[in-house]
1. Quick one: how many Å² of residue 677 are accessible to a 1.4 Å probe, rounded to 10?
2. With a 1.4 Å probe and all protein chains kept in place, how much accessible area does residue 279 have, in Å² rounded to the nearest 10?
3. Taking only the C-alpha atoms, wrap a convex hull around the stretch 515-591 and report its volume per residue in Å³ as a whole number.
4. Amide H neighbours of residue 631 under 5 Å, counting only residues 5+ apart in sequence or on other chains, H built in-plane at 1.01 Å?
5. How large a share of the accessible area of the chain, in percent, is made up of carbon and sulfur atoms when the probe is 1.4 Å and the other protein chains stay in place?
6. If you take the beta carbon distance between residue 615 and residue 648 as r and set R0 to 22 Å, what does 1/(1 + (r/R0)^6) give as a FRET efficiency, to the nearest 0.05?
7. For the stretch 405-420, just list the computed ³J(HN,Hα) in residue order, Karplus coefficients 6.51, -1.76 and 1.60, θ = phi - 60°, integers in Hz, with x standing in for Gly and Pro.
8. Over the chain, what is the percentage of antiparallel beta bridges among all DSSP beta bridges, to the nearest 5?
Amino acid sequence: MRENEDDPAAEAAARLDRLLEGITQDVGAHIGLTYLPVPERQVLQMTTVTGAPMKLAWPWARLAMAAPSPVPEAVRSRSPVWLSDQQELARRFPRAALAFPYSVAHYAAPLMSDGVCWGALNVLWPGSRPPLSAAERARLGEATHRMAEVLRDAAARGRPVLPRDEPLVMEPPAPHTDPVAALAERFTEGLMALDLSGRMTFLTDRAAHLLGRDRAELLDTEPWDALPWLNDPAYENAFVAALFSRQPTGFAARRPDGVRLSFLLYPDATGISVRVRPEDGGSDEEPAEDAPHTVRARAGTLFHLLHLASALTEAAGVSEVAESLMDQMRPVLGAEGLALLVEDEGRERVVGSCGFPPELPEHFDGQPMATPSEGTRTMETGVPGFHTTNAELVRAFPQHRNYRDMAAFAFLPLTVSGGTFGCLVLGYDKPQPFPPDERAELTSLAGMIAQAMERARLYDANAQVARGLQDGLLPRSLPRVPGLAVVSRYRPATRALEVGGDFYDLIDFGKHAAAAVIGDVQGHSVQAAALMGQIRTAMHSYARTGAPPEEVLARTNQLLLELNTSLFCSCLYVHIDVPGHRVTLASAGHLPPILRHRAHHAEVLDLPPGLLLGVEEGARFESVEMPLPPGALLALYTDGLVERPGTDLGLSIDLLADQLAESQDESLELLADTIVKRAQETTVPRNSDDIALLLVSCDKAGRVVR
């Protein structure tokens, strides 16, 4: 103590620790933690923990200030956060509940003094505890105020209390020793004791025999370390669940010789007592009526949930989220039916459904939100509904006879910061008990789905705006030029949200002359689309002055340099002399055009490549003149049509030329559709770039098809 008196910061830290220990014991909590801020890192760092070993506390030793979890939320809101059970944690903080899947009650409170938050207190009880009383809230409020004053006074003296690099673990009360080991040995089942760190501190000869090792080899070791066949996250998780929740739990495991053993865990503040016995005829004793239910092995469930989380992260629009849920949720949950409902302009919409009789989703799709149903109730209140049988739903909503089609239901609200916008409906073909841990898990899953759906809805809305912008920048129709047949196709990228920079155009000069243009501005963004619009306008202006193709490209290049943009553009400009059946081409780094002759032969034209537009001041471009006789076809395209991962670009262009050569007798419209369809089918998994295609042919009638 004298050392602390010589060090004001250490003495203040010790007082803070005593206050933590005192309030934890005073309100009957089994775990208490103190967090102090590290402002420069925007984290809260645990400095003291009581009631849990370092091994278990360490994953939560540092919490990001912005993290969606109870302690950071208490600090951000400057007010206490009370979560009565795991289901409430899952409802309010779904991501935190997945990382902390234990039945506990949380109280997190900021350490406030003079309007400043100096840290946070977090105490935990078993999830079965009753709500906090007014007296308990008052004691917690007084304790947090006193803790804040300690921190405030230390800072005022110039010796602030800083979080420890590694949290101080305050030892729990010493376990009571019981001299009646002989009594334990008389039981036919094995008995063992674990301390709060998971080490075996006692086990009977029968327990050692069932575990297949000498007792001396097992003492002071952790079961999952000493016994390889117990080295599974699901088994260790049962110990962690018992430690945090202070509620009996258990699991079953198979020894290497095939014998199944059941492990029943009974925790308290000093450790965990474990009963070990064979599951199959190894004991004459009947299972005790008060034996805890065996916990479900969470390792497999968590494996599926991680895959689900990954799929939801990758999903773009609402349809992709719904598809991921249909594919991955039912195997995890064992539900027969799954449906995703959202509120849409005052009506209930089914955006995805599987496993239900077709009549059920059809009945509810488009139903006004004013019509009473369990789905609308869930969306209006944000409160989940768990129905172990369908009896309550049938009584409450007799007008919806479809509730008879399933034996049990769960209605889970999809809630984000803006409120509840939908619900996830699970249907079961047998009555479902929905124990508390399963309710919490389902509620947490619904929170994940809600966040993914919110992102997907925003994606769809933005994509709709982006596509509208794209359509506005591309030509609504191409001019009709006598003697010229033109077909255009444009397909936006299916994976990118932003608009692209691919463009095409046909400029009518009158007097039987025209220009075909195709280009690609670098990137997918609003900036790329805006630049594309400027380029199209500029090329129209330059072309109508009568400038030859190489000069049109040179002037456009100068424009891009003057705009001081970081984006580049490839472009191919073709001047067409319709009655003379000749074309003059100039390229600015664009893919080579393909000329299909009438004799079932197509060649890739070797043009002077030219620099991309916007790269170099004073860049010069060359033009090439060649015939385009009646029946010949000139194909202009962008890279989305031919680029394939792992495939040489030159080979892809040659394959396109072969396709053109083989399609001599097809109409231009059918040919364009066939080319684009094949390109989309050969892209894995989906085309990540826009596709633009322009087919030009001299024709007596002169047709234009877009």
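1. 120
2. Residue 279 exposes around 80 Å² with every protein chain in place.
3. 85
4. 698
5. 52
6. 0.35
7. My calculation for the stretch 405-420 gives 6, 10, 7, 8, 9, 10, 10, 10, x, 9, 10, 10, 4, x, x, 8 Hz in order.
8. 95
The values are calculated or read from the model by the stated rules, or taken from the named source; none is laboratory data. Everything numeric here is computed off the predicted structure, so don't read it as measured data. In this analysis, Cβ positions are derived from the backbone assuming ideal geometry, glycine residues included, and neighbour counts consider all displayed protein chains. With ligands, DNA and RNA removed, areas are computed over all heavy atoms of the protein, side chains included. Shrake-Rupley method; radii C 1.70, N 1.55, O 1.52, S 1.80 Å.
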